[in-house]
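Take a look at the structure below.
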Amino acid sequence: MLMSAAMSDGGVFNSSDLSAAINSNALHIPGDSCLPHSDEVCPQVIVADDAFALKRNLMNHMHPVILQTLKGFTTTDSAEPDV
């Protein structure tokens with residue numbers, strides 16, 4: 001794979017074997033399942049940064065589904081920070 005120095009991170013990824021494998025389901029990513037402690041069904045995802053285009057199995061770490069999942073793993077009993 002020939003890449004230009006001016007190619008963006010997303011462009012490099014889109015030209016990669018990994019991107020092709022995700023798009024063709026060659027990785028055999030498991031099907032949708034419920035989030036922990038929830039009845040909400042969501043796809044299995046790879047979490048990436050802002051440089052990558054969102055796809056069914058590729059989400060930004062700030063995507064609402066990811067944030068909601070992380071929120072479920074935090075507690076409201078934590079100590080308040082000193083101000």
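Tabulated data for the structure shown
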| quantity | calculated |
| --- | --- |
| Some residue of the range 19-32 being under 17 Å from GLN68 (Cα atoms), touching a residue at least 12 places away in the same chain (Cβ under 8 Å) and out of contact with any Cys (no Cβ under 6 Å at 6 or more places or on another chain) | yes |
| Unmet criterion (only one of (1) surrounded by 12 or more Cβ atoms within 10 Å (Cβ to Cβ); (2) modelled with pLDDT under 70; (3) aliphatic (A, V, I, L, M)) for MET1 | (1) |
| Any hit, the range 15-33, residues being surrounded by 13 or more Cβ atoms within 10 Å (Cβ to Cβ), outside any helix (DSSP H, G or I) and at pLDDT below 80 | no |
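Okay, residues lined up against (1) surrounded by 13 or more Cβ atoms within 10 Å (Cβ to Cβ); (2) at pLDDT 85 or above; (3) not hydroxyl-bearing (Ser, Thr, Tyr):
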| site | (1), (2), (3) |
| --- | --- |
| ILE46 | yes, no, yes |
| ASP50 | no, no, yes |
| LYS55 | yes, no, yes |
| MET59 | yes, no, yes |
| THR74 | no, no, no |
| ASP77 | no, no, yes |
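The values are calculated or read from the model by the stated rules, or taken from the named source; none is laboratory data. Every value quoted in this text rests on a predicted model; they were computed, and no experiment measured them. Methodologically, a virtual Cβ is constructed for each residue, glycine included, from the backbone with ideal geometry; neighbour enumeration extends over all protein chains shown.
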